[in-house]
Each structure stands twice: as C-alpha cells, then as structure tokens.
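**Q** To start, I am sharing the structure in question, which I have written as structure tokens.
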There are 2 protein chains.
Amino acid sequence: MHKENIQHEIDLLTQNATRAKEQLAILTTEQKNAILKAMALALDARREEIKTANHKDMVLAQEKNLSSSMLERLQLNDARIDAMISGLNQVADLHDPVGRILQEIKRPNGLLIKKIAVPIGVILIIYESRPNVTADVAGLCLKSGNAVILRGGSEALYSNQAIFQALVQGGTKAGMPQHSLQFITSSNHELTYTLMQQVGKVDLVIPRGGAGLINAVMEHARVPVVKHYQGICHVYVDVAADVNKAMAIVENAKCQRPGVCNAMETLLVHHDLAATFLPKIAALLQKRGVTLKGDVETQRILSGSTIAPVENWSTEYLDLILAIKVVPDLAAAIEHINTFGSHHSDAIITEDSVAKQRFLAAVDSAAVYVNASTRFTDGAEFGMGAEIGISTDKLPVRGPMGLEELTAYKYIILGNGQIRT
Amino acid sequence: MHKENIQHEIDLLTQNATRAKEQLAILTTEQKNAILKAMALALDARREEIKTANHKDMVLAQEKNLSSSMLERLQLNDARIDAMISGLNQVADLHDPVGRILQEIKRPNGLLIKKIAVPIGVILIIYESRPNVTADVAGLCLKSGNAVILRGGSEALYSNQAIFQALVQGGTKAGMPQHSLQFITSSNHELTYTLMQQVGKVDLVIPRGGAGLINAVMEHARVPVVKHYQGICHVYVDVAADVNKAMAIVENAKCQRPGVCNAMETLLVHHDLAATFLPKIAALLQKRGVTLKGDVETQRILSGSTIAPVENWSTEYLDLILAIKVVPDLAAAIEHINTFGSHHSDAIITEDSVAKQRFLAAVDSAAVYVNASTRFTDGAEFGMGAEIGISTDKLPVRGPMGLEELTAYKYIILGNGQIRT
C-alpha cells in the first residue's frame, strides 16, 4: 500500500470511529443489550457461513503447515460458535459500566462535582488466530460504549470476516450505530502501526498475542497500550506454611492448566522447610508428569531424582515444567518475585500474619495471593463476568480487564452561576 | 555523552529508583508526613543558599536574553519559598492515597478479593523554568509513595539543585529512603529519551511545559504518559440561558486569569439569542480589554465594532483575546467543541434540563460544566488539595491530577487453601 493510500485508509477508519463513538456514548443500556442479543441471533443464523469460512482458513493453514496448536486455536465448531453466542448474551446480562458515579463532591460554593464512568472512545484490538475473539471483543466493547477497530491474524481472515459480518448485520438491525465495529482486512503492517499513532483519534490499543506482536506494538504505539503479556507466576511456601494447603495449591497452580498465564512457573521454598517439603511435593508433581528444574540447594535435597539446573528464572514455560528455588527467608522470596517475575500473580502460603502482610504489601504484582492458587486471576473468577484480557501493565489498567476497565471517566460539574474569584 | 555512558547512567537511575520504590511502598502515613515536614524545615533552613543559587540562574538567564515572562517564572523570592514550604506542609495534612480499598469482593468459594490503591512506582517528571515545581512534585510523589526522577530545565539548574539538595537533606534526616528523589543534572536529551523508554523500570512520565517538550515526549516515550497540554475551552450560551448568569460566567472564564489552561478561548452563542446577547457581552468584554474575533455572523451582528475573523478555531490564545461563533443549535455547539476543543473544560449556560443532559453526555472533555465558569478545573477547586497538573489525556488519568491520581492499584486475594477446579 502506498503512503497516501495508507493515510486515506487511516482517515476513513478514524473518522468513522469518531462518529460511531459519539453515538455509542449516548446509547441507553436497553439499546445496547438489544444490539448484543441481535448479534447473538445473527451468529446463530449465519452459523453455516461461518463454518464454511473457517473451513477455508483451516485448509489454507494446513497447506502452510501451521502447528497443530495453531490449528486447534483456529478451528471453529458448533460448540465454539455456541460459546460466542452465549458470551454475547452473558455480556447483555452484565451491569452497564457506563454512567457509574465514581465520586461525588459537593463544594462549599455550591458546585456539585460528579466523576462518572464514560466509554474510553476508540479501541484498536490486534489479535492472533482465535476467531472467537472477534465476537468476544465486539460484545465487550459495545456494552462499554466503545467503537472498536479489529485487526485479526491473516490466518483467520475468512473466519473473522464471516463473524464480523454477522455481528454487523445483526447489530445494525437492532440499531447499532454505523461503524461501531470496523474490521481491517488488509494485512499491511504499516497501516496498523500508523493507526496506533493516531493520538486523540484512537484512545487505546490492546494487543493480544505472542511476544512478537507485543514488542511490535510497544515499538510503534503512541497511544496508550494495555498489554496481556507473560505470566511468570510464583508460589512461595513460607516456613510457617500449612503443608497440606501448600501441597494442594502448588499442585493446582502448576498442573490444573499449565498452558495459561496464571499458572505457576516458579516455586520458592523457605530454607527451613525445604528438606521436608521438597521431597513430598516433588513426588506429587512428578507423579503428575511435571519436569522439575532447580537451584543447587534443590538439586542437593532432591538428589534421588534428576533435577536439571534452571537456566533463566524469567522463563514462562506454559507447560508441565517447574523451576524450584530454596530461599533463605521471606525477604529473599519477595526480591526474587519482584526481580524475575512478570508482576502478574504471585502467592504466599503461610499461617504467619506478619509474613502475610509483608508479602501483600511488598510484592508488586497485579494479583497477590495468601493461601490460594494463582489460577484464580481471571475476570470470571474475580466476579467481573467476562474479560477482554489480563493486563500485565500497571497503568492504565492492571490485572483482569472486564467491562469496568473498558471505561475512562469525566467530571461533570453542576452549578447555578458560579464564577471563580 | 557516549551511548555506553548513557546506558550506565540509566541503569544507575533505574536501579536506585527500584530500590527506593520498594521501601516507599511500605512506609506508614506517619513516616511520610514526618519526611514532608522535615523537607519543609530544610527549605526554610537553606533559604539563603536557594536564593543565591537562583540569583546565579537569573544572571545567566539575563545574559542569554530570556524573555521577561521566562524570567518572571524563574525568579525565587521569600514569598515563593514560603509557598513551597507551606505546600509541603499542606501535602502532609492531606489524606494518604495509598492503601485505600477501592473495591471488595467476597466470592462464593470464600476468597476475599480487595482492590487496593498502591503507588504507581517510578515517575519521571520533565519540567521547564519554574523551580518551585521541584518541591511541589517531590512532596506529592513522596506522599503517594512514588520514587521520582526529576529533570528540570537547564535555565533553572542552580535553583533546582539547591532545592533538591535541601529536600534530600531534610527528608533523609527524617528517614526518607535513599534515592526516593533523584535529580538529573545532565541536559543530554538522549539520556531523558532513553529513560522514558525503560518499560517496567519507569512507570510513568509526566511532561510539564510547552508544545516542544510535549511533542518530544510523545515521540520518544514508550512508558505511559500523562500530558498537561493545551486548554482550548468553550462556553456555549444556549437559547434557554439565564442571560445574567451567562454574562458573569463568560466574563469570568475569559478575564479572571486569561493566561491559564482553564480560561475560555471560544464563545459559542445560539443563533436565536445572538442578536440580543452578543452586543451586551461584547460591550462588557471590550470594557475589560478583550480583543474580539468572530465568524461572519458575529461580525455582522457586532458591525459597530471592529471584529477580526477567526483564523483557527483550535488556537489557545492564553490572553485577552476571544473567538466568537454563532451556532444554529445545541448539536452544532457540541460538534464544534468535540472537533476544535482540546477536551479540557467546556461549559453550557442554559436553564433547559434536556439541553443540560445532552451537553453533559455528548461533550467529550475532562470537565463538562452546567452554569459555571470553566476556571474551576483545578485540583484545589475540586477539593483534591493539590495537583501535579491537569491531564488532557483520557487514559490513564483525566483532568486534575491530585494524590489519588498518583496511585495505581493491585488486587490482594485472601484465601484459606482455595484451588481452582
């Protein structure tokens, strides 16, 4: 694409989005819910077209020899289409995050100041492979009153387009403002990069995907970014741990679903407990098929097994592999977590209330746990109902990002003639 | 500075700041207040050194023929040093923003989830001329538990250093963690640009200054930015306005302090009121020394006066100059504001409740007023006590930025052995 064509396309996308966001900001909850339900119906009605489109993507993906895990993420079947449909209906049932009064201040001069939640505006979402993201993101953004520009992976282009067209067709019939959803069919990177530099016209970019995508967005974006990046999560078993809780939580955090961002990657064990605890937990984890790696002290204690050394304490294995370190005390555990972790989810297992407080205060992560599995860091588990991702950034949003996190705020000030003296 | 020297300096600054932020995050309110009061005392004790340093800056500035407004901003006298001192003491009296419980969720599985306010972490502040910013920013960041890296303008180097040294000396005696405040003496731009690219080590950059500084930060920053940019503020006088309120508010918004960001730059008047209202308000404003510019309709109505045309509706005059436009209706007023404004502060003057609601909902600005002057957009006027600036961004912070806006949040989750099934 030539530079002037890119600029033309950018102008069109942002002007459309601006008009849409103005109309979206003033829709009522009932109007938004009707649109969501109409989108769900349209997905159901166009189910066969969506499956046909997905089949095209799958054939192309097989020709390109994409990995089996990539193919697995790409594939749509009736169950996955049903999940998109029920997702949209669930979002319709959730509380409208727009218009919430976050603060109310009555000033001595009579001014009434209200801080209220408003849509963020225009959100650019860049995602890879899973076509269900198209529907999930569209639903959450619509309910939170945001105009969205979707840029999916080229490997899912036919599927994404089919879903997008169904959503637009259904939504429009129920009164969705034109261009509330826009979909970029071009795979031109320059276009996407330029779009994330439109300060004031695009309000937020959310990349969902691997390190390559995240790094490209960090490099090029000039508008605010919310990253869903790595989860290098820790469980620290303190000297005052209840060993039964520790066994169950460590097993759960590693084994229940090892391929996700809130699974544990590193186990830290207090030195005074290591000689008794490590052999027990190692036996349990090895029975569950976990490959253990460890520092020198762990290797010494578990000398009966073959424990490989840990090459890098910041590795996100996303697999049945666990790094183990023996630490001299709580302070060393906290320092390890803050240095090598990804500020996602970290837990302490202890019955010592001073240790609990210190861990909660000092660990600089989105979710800090006492005596529970890191696997709970999730929009649904936090009671948010649905999430667009889990932010590993600190600003503007941290941790699970649900409907409320898809809003910004403004101040409205009600007076009766006040002037400043 | 060579590239390797810059990297060495960056590593030193960020490592120092990381250590400081860890200690700052766990200070008690009492400890922080004691540090603030000790800083205030130290400024008083080193008053003569500060004035001597400022004299050096003033001499150099005069040699360099800096403008008189620049010199005015640069100069320190006893009154300005007193203001810094009382500012620090006032911040000590404000409520601690860290540790506030923003939300509390009890889950059916017994998990107690608390969303709590925490310091942002490491904040880089880049500012120009006014040396009092050094003390103001240091006080607000200390109270909110943030480590701060200060980069002042070269024209205020001696003054800033003298203030910085007093703050560090006073604060340290009262237990301030080492490197809570760091000051960059080098005027090397590459160093500052590299610093604002330290994702994960610097958590926020706040530029305070003119368009050149703001644009440089937007170009180079990779960490979140809060900009205090232009204020192109509007007052819209609706057909249903109370004319007395309109007269007083328009006069106040333009004349009370025209050189600040929340002063009105453009007056919008409903067509049906223009013929009666414009001559009255023009007479009042011209008596106050305001130069009027207008669209064709305004020029026609005010044909007795000399009304120059408006070249650009997005001009921030910061002076006794006012652009006037006659609009056909409320919708046109809203569209003008959203198109040409800077999303800072905008007001409607009306007694019509439907018009009020529509304006409040549709105007996409940090502060939207009904029947009050735009001049109230200010941390102190909003009851925040003090502000580090007024954000013209939507994310992560919008409008006046006080102590609470200098915090992020994290989730702490208290369990008794919960695992995910």
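Readers should treat all values here as calculations from the given coordinates under stated rules, not as data from a laboratory. The structure displayed is predicted, hence computed values, not measured ones. Using ideal geometry, Cβ is built from the backbone for each residue, glycine included, and neighbour counts are taken over all protein chains shown.
**Q** Using only the Cα atoms of the range A:233-381, build the gyration tensor, take square roots of its eigenvalues as a ≥ b ≥ c, and label the shape rounded, prolate or oblate: rounded if a/c is under 1.5, else prolate if a/b is larger than b/c, else oblate.
**A** Details: a/c = 1.42, a/b = 1.16, b/c = 1.22.
In terms of gyration-tensor shape, rounded.
**Q** So, one more: Based on DSSP H runs of at least 4 residues, each adding -39500 (n - 2.57), what is the mean residue ellipticity at 222 nm of chain A after dividing by all its residues, to the nearest 500 deg cm²/dmol?
**A** On the way: 14 runs with 182 residues, N = 421.
When only DSSP H runs of four or more count, the value is -13500 deg cm²/dmol.
**Q** What's the local net charge at A:Val397, with K and R +1, D and E -1, over the other residues with C-beta under 11 Å away?
**A** Residues close to A:Val397 contribute a combined charge of -1.
**Q** Can you give the average number of partner chain beta-carbon atoms within 10 Å of each beta-carbon in peptide A:104-117, as a whole number? Walk me through the numbers on the way to the answer.
**A** On the way: counts 0, 3, 1, 4, 1, 3, 1, 9, 2, 7, 1, 3, 3, 0.
Mean shielding count: 3.
**Q** How many angstrom lie between the Cα centre of the range A:392-419 and the Cα centre of the range A:41-59?
**A** 38
**Q** Can you tell which of A:Ala380, A:Ala17, A:Ala40 shows the greatest fluctuation in a Gaussian network model of chain A with Cα springs below 10 Å?
**A** Checking each option, the largest mean-square fluctuation is seen for A:Ala380.
**Q** Further, regarding this structure: For the protein assembly as shown, with only Lys/Arg (+1) and Asp/Glu (-1) charged at the beta-carbon, what is the dipole magnitude about the Cα centre, in debye rounded to 20?
**A** 720
**Q** Just how large is the dipole of chain A about the Cα centre, in debye to the nearest 20, putting +1 at every Lys and Arg Cβ and -1 at every Asp and Glu Cβ?
**A** That gives a dipole near 1000 debye.
**Q** Which one of B:Ala135, B:Ala156, B:Leu191 has its Cα pushed farthest toward the positive end of the charge dipole of the range B:127-199, where Lys and Arg give +1 and Asp and Glu give -1 at the Cβ?
**A** B:Ala135
**Q** Counting only residues 5 or more places away or on other chains, whose amide H sits under 5 Å from the amide H of B:Val225 once H atoms are built in the peptide plane?
**A** Under 5 Å from the amide H of B:Val225 lie the amide H atoms of B:Val205, each far enough along the sequence or on another chain.
**Q** Note the distances from B:Asp78 to each other copy's matching label point, with points 7 Å along the Cα-to-beta-carbon direction, in nm, sorted shortest first.
**A** Computed spacing set for this position: 8.8 nm.
**Q** How many angstrom lie between the Cα centre of the range A:110-127 and the Cα centre of the range B:330-355?
**A** With the range A:110-127 and the range B:330-355 each reduced to a Cα centre, they are spaced 17 Å.
**Q** Going 7 Å from the Cα of B:His189 along its beta-carbon direction, which residues of the range B:211-238 have the amide nitrogen within less than 18 Å of the resulting point?
**A** Taking a point 7 Å out along Cα→Cβ of B:His189, the residues of the range B:211-238 whose backbone N falls under 18 Å are B:211-222.
**Q** Something else now. Can you find, among A:Pro309, A:Cys261, A:Pro279, the residue sitting farthest towards the positive end of the charge dipole of the range A:252-326, where Lys and Arg contribute +1 and Asp and Glu -1 at Cβ?
**A** My answer, from the dipole projection, is A:Pro279.
**Q** With the contact rule set at Cα under 8 Å and sequence spacing of 6 or more, what percent relative contact order holds for the range B:186-269? Provide the component values of the computation, followed by the final result.
**A** Values: 100 pairs, mean separation 22.2, N = 84.
Averaging sequence separation for qualifying contacts and normalising by length gives 26 percent for the range B:186-269.
**Q** Let me ask something additional. Per-residue counts of other Cβ atoms within 10 Å, averaged by peptide: what ranking do you get for A:271-278, B:398-405, highest first?
**A** Working: A:271-278: 17.1, B:398-405: 23.2.
Answer by packing, highest mean first, reads B:398-405, A:271-278.
**Q** Rounded, prolate or oblate, given the Cα gyration tensor of the protein assembly as shown, with a/c below 1.5 counting as rounded?
**A** Numbers: a/c = 2.03, a/b = 1.25, b/c = 1.62.
The shape class here is oblate.
**Q** Contact order normalised by length for the range B:39-90, with contacts defined as Cα pairs under 8 Å and 6 or more residues apart; what percent is it? Don't skip to the answer; put the middle values down first.
**A** Numbers: 25 pairs, mean separation 31.3, N = 52.
60 percent.
**Q** Same structure, new question: Which residue in chain B puts its Cβ closest to the axis that rotates chain B onto chain A, and at what distance in whole Å?
**A** Nearest Cβ to that rotation axis, in whole Å: B:Pro396, 2.
**Q** For A:Gly99, place a label point 7 Å out from Cα along the Cα→Cβ vector, do the same in each other copy, and report the separations in nm, one decimal, smallest first.
**A** Here the equivalent label points are 3.8 nm apart from this one.
**Q** Round to the nearest 10 and give me the degree value, 0 to 90, for the angle of helix B:3-24's Cα axis relative to the longest principal axis of chain B.
**A** Computed tilt is about 90 degrees.
**Q** Find every distance from the label point of A:Gly110 to the corresponding label point in the other copies (7 Å from Cα along Cα→Cβ) and write them in nm, one decimal, shortest first.
**A** 5.6
**Q** Could you tell me the number of lysine pairs in the range A:1-129 with C-alpha atoms less than 14 Å from each other, where the two lysines are 8 or more residues apart or belong to different chains?
**A** Working: A:Lys21/A:Lys32; A:Lys56/A:Lys64; A:Lys106/A:Lys114; A:Lys106/A:Lys115.
Lysine pairs, 8 or more places apart or on different chains, close enough: 4.
**Q** Okay, next question. With contacts defined as alpha carbon pairs under 8 Å and 6 or more residues apart, what's the relative contact order of chain A in percent?
**A** Numbers: 829 pairs, mean separation 76.3, N = 421.
Across chain A, relative contact order equals 18 percent.
**Q** With the Cα gyration tensor of the range B:33-101 giving a ≥ b ≥ c as the square roots of its eigenvalues, does the rule (a/c under 1.5 for rounded; else a/b larger than b/c for prolate; else oblate) give rounded, prolate or oblate? Write out the running numbers ahead of the final one.
**A** Details: a/c = 3.56, a/b = 2.12, b/c = 1.68.
Because a/c hits 1.5 or more and a/b exceeds b/c, the range B:33-101 counts as prolate.
**Q** Also, I was wondering about something else. Hey, what angle do you get for helix A:47-63 against the long axis of chain A, alpha-carbon based, 0 to 90 degrees rounded to 10?
**A** That works out to roughly 60 degrees.
**Q** Gaussian network model of chain A, Cα springs within a sub-10 Å range: biggest mean-square fluctuation belongs to which of A:Ser154, A:Ser68, A:Ser187?
**A** Judging by the Gaussian network model, the answer is A:Ser68.
**Q** Another question, then. Which pairs in the list A:Lys356/B:Lys143; A:Lys325/B:Lys201; A:Lys254/A:Lys293 are over 18 Å apart, alpha-carbon to alpha-carbon? Kindly include the intermediate steps, with their values, before the conclusion.
**A** Values: A:Lys356/B:Lys143 24 Å; A:Lys325/B:Lys201 25 Å; A:Lys254/A:Lys293 13 Å.
With Cα atoms farther than 18 Å apart: A:Lys356/B:Lys143; A:Lys325/B:Lys201.
**Q** Sticking with this structure for a sec: Where nothing but the Cβ of Lys and Arg (+1) and of Asp and Glu (-1) is charged, how large is the charge dipole of the range A:233-381 around its Cα centre, in debye to the nearest 20?
**A** Numbers: 12 positive and 18 negative charges, 93 e Å.
Once rounded to the nearest 20, the dipole reads 440 debye.
**Q** If you take each beta carbon of peptide A:197-206 and count the beta carbons of other chains within 10 angstrom, what is the mean?
**A** Values: counts 2, 0, 4, 6, 0, 0, 4, 2, 0, 0.
The shielding value for this peptide is 2.
**Q** Using θ = phi - 60° and the Karplus curve 6.51 cos²θ - 1.76 cosθ + 1.60, what whole-Hz ³J(HN,Hα) does each residue of the range A:372-383 get, with Gly and Pro shown as x?
**A** Using θ = phi - 60°, the values come out as 8, 6, 5, 5, 7, 6, 5, x, 5, 5, 8, x Hz.
**Q** Still on this structure, I have one more. Pull up all non-local amide H partners of B:Val310: gap of 5 or more, or a different chain, and H-to-H distance under 5 Å with H placed in the peptide plane.
**A** B:Gly294
**Q** How big is the Cα convex hull of chain B in projection, averaged over all directions, in nm²? Before the final figure, lay out each step's value.
**A** On the way: hull surface 101.2 nm².
Averaged projected hull area, Cα only: 25.3 nm².
**Q** What are the extents of the Cα atoms of the range A:334-421 along their three principal axes, listed from largest to smallest and rounded to whole Å?
**A** 59, 33, 24
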